[in-house]
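The values are calculated or read from the model by the stated rules, or taken from the named source; none is laboratory data. Everything numeric in this text was worked out from a predicted model, so none of it was measured. Note that we place each Cβ from the backbone using ideal geometry, even for glycine, and neighbour counts take in every protein chain shown. What goes into the accessible areas is simple: the full protein's heavy atoms, side chains included, and nothing from ligands, DNA or RNA. Shrake-Rupley method; radii C 1.70, N 1.55, O 1.52, S 1.80 Å.
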Amino acid sequence: MSTAELDHLVTSAVTLGSATMKALVYHGPGKFAWENKQRPAIQNTGDAIVRVTTSTICGTDLHILKGDLPAVADGRILGHEGIGIVEQIGAGVSEFHVGDKVIISCVTACLKCDFCKRSMYSHCRHGGWILGYTLDGTQAEYVRIPQADGSLYHFPAGADEEAMVMLSDILPTGFECGVLNGRVKPGDTVAIVGAGPVGLAVLLTAQFYSPAAIFMIDLDDNRLAVARKFGATNLINSSNGHAARQVMELTDGAGVDVAIEVVGLPATFEICQSIVAAGGRIANVGVHGKPVELHMEKLWDRNISLTTRLVDTVTTPMLLKVVRSGKLQPSKLVTHRFAMDDILKAYDTFGNAAKEGALKVVLTNKAPH
Ligand SMILES: NC(=O)c1ccc[n+]([C@@H]2O[C@H](COP(=O)([O-])OP(=O)(O)OC[C@H]3O[C@@H](n4cnc5c(N)ncnc54)[C@H](O)[C@@H]3O)[C@@H](O)[C@H]2O)c1
Ligand SMILES: [Zn+2]
Ligand SMILES: [Zn+2]
């Protein structure tokens, strides 16, 4: 064996044996760091270890950093969206093999429990939303995916990673929690409160049903301008506190058929309650960290319905087909790209979205040497 070959073998052994990796670790509200962590290993037969190639940051990660989700423990690796390559599988994984490129779903599903059988993967007895929440997540070099057969999707050959990573969370969330729960119909008037990536995913997928008007409400003119390009018919900047009044004027006092809350604040939930038409629906998507007031004194006789939902990701296979067809182009939501090593800068950019003109920020891991 030549010296070069020997060197190569030693390097490979070191790489394989390397027990640490870099990851974005949460240390309590407002505190997080890019630091060394133990590389994940197979713990159960249904697990897969995935080398993360692409990830991104969600509004929910910002809620975690604000302390809105106290179930997140000190030391947790954040992130619930990603694309990667399967590195290792447990003996019970049958649908995925080492080397497969996969889309990681933000929701883990065993496909067997009573909730999964009701298509409510979000409350799976052996999973649900755990990734980057109660289990280490995808803003790292490697991630352990439990129940891999139900929680991964094959990455279509030749597809665009930036488009596909939007299937991990924001597209199914916008569609299921906003559009399906809001029962958007042809001819409806729809208001979407919050023009972040999830609000824009609601906007994109609501158009499957040809609503007559879509009002987009946000504080950020840049995000509103993007919403216009994506099909919003009316833009309302709510920073003057008059959003509800403007919607009522635009609808001749009737209000909207569907009001979709995609922020997670008392003020934005309040707007939805003020603008919902008689017979209308309020679909809540936003993660709330504080109580909101429910105005039953005004709503009791309005024949409305109110829904909440944690994304189930049951529509992911359908949405994947629509994205593949080019009819839905979620990669247009990407405004910034960072190496995973620069994730702190990426958080800074996404956390100051209005100033930075940011929507989705894409994070890419370097290929291993
Ligand atoms: N239910 C679910 O399963 C689920 C899944 C994913 C995300 N979410 C939630 O969806 C929400 C949106 O996620 P995102 O990634 O788009 O977040 P984001 O933080 O990027 O977007 C939130 C938007 O709300 C706007 N906003 C803030 N305060 C406002 C106000 N007072 N009036 C009007 N607009 C206001 C901001 O300008 C921003 O554009 C978050 O609460 C997130 O946690 C829920
Ligand atoms: Zn999310
Ligand atoms: Zn289950």
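Worth pointing out:
- Inter-residue pairs, beta-carbon under 7 Å, first over 15 Å from Cys272 (Cα atoms) and in segment 216-245, second basic (Lys, Arg), 6+ apart: Leu235/Arg228
- Any hit, segment 315-326, residues being open to solvent by 70 Å² or more (accessible area, probe 1.4 Å) and touching a residue at least 24 places away in the same chain (Cβ under 8 Å): yes
- When residues of segment 270-284 are limited to those that are open to solvent by less than 20 Å² (accessible area, probe 1.4 Å) and of a type in the set (A, V, I, L, M), the one nearest to Leu69 (Cα to Cα): Ala283
- Test: residue in segment 182-192 that is in a helix (DSSP H, G or I) and either open to solvent by 20 Å² or more (accessible area, probe 1.4 Å) or under 15 Å from Leu328 (Cβ atoms) (or both): no
Residues are listed down the side, and each one gets a yes or a no for (1) closer than 15 Å to His295 by Cβ; (2) open to solvent by 50 Å² or more (accessible area, probe 1.4 Å); (3) among the small types (Gly, Ala, Ser):
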site: Ala227; (1), (2), (3): no, no, yes
site: Ala232; (1), (2), (3): no, no, yes
site: Arg245; (1), (2), (3): no, yes, no
site: Asp252; (1), (2), (3): no, yes, no
site: Gly264; (1), (2), (3): no, no, yes
site: Thr268; (1), (2), (3): yes, no, no
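- Among residues of segment 335-350 that are touching a residue at least 24 places away in the same chain (Cβ under 8 Å), those with a Cβ under 8 angstrom from a residue that is open to solvent by 80 Å² or more (accessible area, probe 1.4 Å) and outside any strand (DSSP E or B), sequence gap 6+ or separate chain, pair up as Phe338/Lys345; Ala339/Lys366; Met340/Lys366; Asp341/Lys366.
Residue-by-condition table, conditions (1) within 16 Å of ligand 2 (Cβ to nearest atom); (2) part of a helix (DSSP H, G or I):
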site	(1), (2)
Ser274	no, yes
Arg281	no, no
His288	yes, no
Pro291	no, no
Leu319	yes, yes
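- The residues listed here are Gly132, Gly158; of these, the one that is open to solvent by 50 Å² or more (accessible area, probe 1.4 Å) and either within 21 Å of Lys366 (Cα to Cα) or touching a His at 6+ places or on another chain (Cβ under 9 Å) (or both) is Gly158.
- Considering segment 48-124, the qualifying strands (runs of 3 or more DSSP E), each wholly inside and each with 1 or more residues that are in contact (Cβ under 8 Å) with a residue 60 or more places away in the chain and under 23 Å from Gly264 (Cα atoms), run over 48-56.
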